[in-house]
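Please read the structure below before turning to the comments.
Values quoted throughout were computed directly from the atomic coordinates according to the rules given, and no laboratory measurement underlies them. Please read all numbers here as calculations on a predicted model, not as lab measurements. Cβ placement follows ideal geometry from the backbone for every residue including glycine, while neighbour counts extend to all protein chains displayed.
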Amino acid sequence: MQKVLFEINYSIHPEKREEYIDTIIKLKSLINEKFDINYSVFENTKKQNNFSEIFICNSEEELEKFDDTQDDSIREIISELFEKYIKDKKVIYTTKTEI
């Protein structure tokens, strides 16, 4: 099976950086606790306050399962990210498959 990398990229409001970091740490903990996927968050070293959430799944089905089975606590945090932290609500999604 081909592994799948799913990336979510966005910039946050600089004045909300500390709150964002606290929130994303909670999200990271929940996802890693409840799902068997590799989830990490990275900051762009050349563009402060630009972040990428990276999901590495063993298959497309595993990624779909994650998307379909998120509980309310994860959905609430994701909603909070969009509403409070992400600049202009502009997000870039990228999906890549392993060769």
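Please tell me which of these pairs span more than 25 angstrom C-alpha to C-alpha: 3/84; 47/96; 3/65; 16/96; 46/96; 34/90? Write down the numbers at each step before the final one.
Details: 3/84 32 Å; 47/96 23 Å; 3/65 14 Å; 16/96 30 Å; 46/96 23 Å; 34/90 27 Å.
As for pairs spanning more than 25 Å Cα to Cα, those are 3/84; 16/96; 34/90.
Where nothing but the Cβ of Lys and Arg (+1) and of Asp and Glu (-1) is charged, how large is the charge dipole of the chain around its Cα centre, in debye to the nearest 20? Walk me through the intermediate numbers first.
On the way: 15 positive and 22 negative charges, 116 e Å.
Approximately 560 debye in magnitude.
Pop out the ³J(HN,Hα) list for the range 2-16 in order, Karplus 6.51 cos²θ - 1.76 cosθ + 1.60 with θ = phi - 60°, rounded to Hz; leave Gly and Pro as x.
8, 6, 10, 10, 10, 10, 10, 10, 6, 10, 10, 5, x, 6, 10
Under the 0.36 nm per residue contour assumption, what length would be gained going from the current alpha-carbon distance of residue 73 and residue 3 to full extension?
Taking 0.36 nm per residue and subtracting the Cα distance, the gain is 22.5 nm.
From the helices alone, meaning DSSP H stretches of at least four residues, give me the mean residue ellipticity at 222 nm for the chain, per-run term -39500 (n - 2.57), in deg cm²/dmol to the nearest 500.
Rounded to the nearest 500, it is -11500 deg cm²/dmol.
If the convex hull of the alpha-carbon atoms of the chain is projected onto planes in all directions, what is the mean projected area in square nanometres?
6.4
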